[in-house]
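Asker: Supplied in C-alpha cells, the structure appears directly below.
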Amino acid sequence: MAVWCGSCSLFDRKAFQRVMRAAELITGNKLSALQDIFHIRCLGKAHKITTDCNHLAHRLFARLPSGKRYRSIQSRISRLKNSFYLQAIRILNKL
C-alpha cells in the first residue's frame, strides 16, 4: 500500500476513502487517514533502505555534503515526482 498510495490518482484516493469510511461504519472504530498511513509506511520502508547497504535503491538515498538532508532528483514530469523513492526522500527531508 505504501508504494501504491503515493502515485494514485485523485479518483482512486477518493474511492479508497469511501471504502475506509464504510469500514469505519461497520467496525465502529475510527481509522487513520490515508495520508497518515502512507507517511508511516513510507518512513519505515525508507529507513530499511537507508540502513541496508545491499539494497538496490540504497544509492538513491545519498546525503548532501552537509550530511543533514538527502539528495533529491529534479524532474519535471509528475510520473517521476510521484514515484515512491522521491516521495520518501521528501518525507525524510521534512523530519
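The values are calculated or read from the model by the stated rules, or taken from the named source; none is laboratory data. Nothing here was measured: the structure is a model prediction, and the numbers come from that model. Ideal geometry is used to build each Cβ from the backbone, glycine not excepted, and the neighbour counts take in all protein chains shown.
Asker: Give me the pairs, please: first residue somewhere in region 58-86 and modelled with pLDDT of 90 or more, second residue anywhere and acidic (Asp, Glu), beta-carbon distance under 8 Å, and either six or more positions apart or on two chains.
Answerer: Correct list of pairs: His58/Asp52.
Asker: Note down all Cβ pairs under 8 Å where the first residue falls in region 29-40 and is closer than 12 Å to Gln17 by Cβ and touching a residue at least 40 places away in the same chain (Cβ under 8 Å), the second is of a type in the set (Phe, Trp, Tyr) and in a helix (DSSP H, G or I), and they're at least six residues apart or on different chains.
Answerer: Note: no pairs meet the criteria.
Asker: Quick one: in region 8-21, which of the residues that are closer than 19 Å to Phe84 by Cβ and of a type outside the set (S, T, N, Q) is surrounded by the fewest Cβ atoms within 10 Å (Cβ to Cβ)?
Answerer: Ranking the candidates gives Leu10 first.
Asker: Then there is this: Quick one: how many residues across region 63-95 are of a type in the set (Gly, Ala, Ser) and surrounded by 11 or more Cβ atoms within 10 Å (Cβ to Cβ)?
Answerer: 4
Asker: Within region 22-39, count every residue that is loosely packed, with under 10 Cβ neighbours inside 10 Å and charged (D, E, K, R).
Answerer: The qualifying residues number 1.
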